[in-house]
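Below is one structure; the comments refer to it alone.
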Amino acid sequence: MQHLDGFAPLAEQYDGFVIDLWGVVHDGINPLPGAAECLARLRAAGKPTVMLSNAPRRSAALREAMRAMGLPDDLYGEIMSSGEAVHLALRDPPDAWWAQLGRRAFHLGPMRDRNILHGLDIVLAERPQEADFLLNTGPDDHRNPTDLAEFEPTLRECFAAGLPMVCANPDLEVIRGGRRVLCAGALAVAYASWGGDVRSLGKPDPAIYRPVLEVLGIPADRVLAVGDSLRTDIAGAAAAGLASCWVLSGLHDTQLGGDRSAAEAAASAAGASPVATVPRFVW
């Protein structure tokens, strides 16, 4: 594992890049320092990029959010999100599990995530007892997003109703504006621990990388994945047969404090083997 101060050496070694958004390019509110310049340098060098996010929203919504943060479209290529993958799976069921879900969804999550359902023949149920399945996009805006106990009564109600869960964001937590908050993955883990039937789409599932690699059109051994989470970004890249770069300043920042020895120990404990670390996504 190389420990680099910036991304420039890796830009020379690989031909295409799969880049995480949250914790690498932005924190959900603002661009992270140096990230826009790094993307611009890759673009100037003719290195194609695809953004791959576990965000539980459609790709177009993520692009709009990037524009609002001052990150223009021409800094990067396509965007693929777990929310987009869920939309596609609900539209064109890939297997019997998806095909048998039904058309009535109970949604747990903020209103802004409901764009996943736009254009689909699915209606929203007011109560779990009226639904066929649970669409979990994470903590809603009306309860404390740092406390799983706030959401347990709703999850228990869905479990009692026998609802299978579609999890649109496998992440357990994320840093939003400097605050650590729960993601849909944490709710899914609790639901599954009770015996709930859960399907998640997104990293680290290698299936989410297939359309990304098709867009890049570059052999997998010439592609580098970049992310801040060992559990999703780095493990997902390995599952897809891609080399990876671990950005230390994101999700694991408070755990590691920039300590390279601690980073090596954490990666080893997780069974992860990124080819390199960088303190931040900077050139």
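The values are calculated or read from the model by the stated rules, or taken from the named source; none is laboratory data. Please read all numbers here as calculations on a predicted model, not as lab measurements. Positions of Cβ are backbone-derived with ideal geometry, glycine not excepted, and every protein chain shown enters the neighbour counts.
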Item to complete: Tell me which of these residue 94 doesn't satisfy, since it passes every other one: (1) on the phi > 0 side of the Ramachandran plot; (2) at pLDDT below 95.
Response: (1)
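Could we say that residue 55 is within 19 Å of the chain's Cα centre (by Cα) and in contact (Cβ under 8 Å) with a residue 60 or more places away in the chain here?
Yes.
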Item to complete: List the number of the failed condition for residue 281; all other conditions in (1) at pLDDT 95 or above; (2) under 19 Å from the mean Cα position of the chain (by Cα); (3) within 17 Å of residue 82 (Cβ to Cβ) hold.
Response: (3)
Practice prompt. For the stretch 193-202, state whether one or more residues are in a helix (DSSP H, G or I) and at pLDDT 95 or above.
Written response: yes
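Please go through the stretch 126-149 and pick out each residue that is of a type in the set (A, V, I, L, M, F, W, C) and crowded, with 18+ Cβ neighbours inside 10 Å.
131, 133, 134, 135
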Worksheet item: Does the stretch 157-205 hold any residues that are in contact with a helix residue (DSSP H, G or I) (Cβ under 9 Å, 6 or more places away or on another chain) and charged (D, E, K, R), and which are they?
Response: 157, 171, 173, 180, 197, 199, 203, 205
Worksheet item: Which of the residues spanning the stretch 171-185 are assigned to a strand (DSSP E or B) and surrounded by 24 or more Cβ atoms within 10 Å (Cβ to Cβ)?
Response: 174
Item to complete: Any chance you could count how many residues in the stretch 235-262 are under 18 Å from residue 32 (Cβ atoms) and among the aliphatic types (A, V, I, L, M)?
Response: 4
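Might you let me know whether the stretch 203-210 holds any residue that is at positive phi and either surrounded by fewer than 22 Cβ atoms within 10 Å (Cβ to Cβ) or not polar (S, T, N, Q) (or both)?
If we filter the stretch 203-210 for residues that are at positive phi, which is where we start, we get none.
No, the stretch 203-210 contains no residue that is at positive phi and either surrounded by fewer than 22 Cβ atoms within 10 Å (Cβ to Cβ) or not polar (S, T, N, Q) (or both).
Here is a yes/no grid of residues against (1) small (Gly, Ala, Ser); (2) closer than 20 Å to residue 59 by Cα; (3) touching a Phe, Trp or Tyr at 6+ places or on another chain (Cβ under 9 Å):
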| site | (1), (2), (3) |
| --- | --- |
| 203 | no, yes, yes |
| 206 | no, yes, no |
| 226 | no, yes, yes |
| 230 | no, no, yes |
| 233 | no, yes, yes |
| 269 | yes, no, no |
Discussion item. Condition first: within 26 Å of residue 213 (Cα to Cα), in contact with a strand residue (DSSP E or B) (Cβ under 8 Å, 6 or more places away or on another chain) and not aromatic (Phe, Trp, Tyr). Can you find one or more residues in the stretch 115-127 that meet it?
Written reply: yes
Worksheet item: How many residues does the stretch 108-142 contain that are in contact with a Phe, Trp or Tyr (Cβ under 7 Å, 6 or more places away or on another chain) and farther than 11 Å from residue 158 by Cβ?
Response: 1
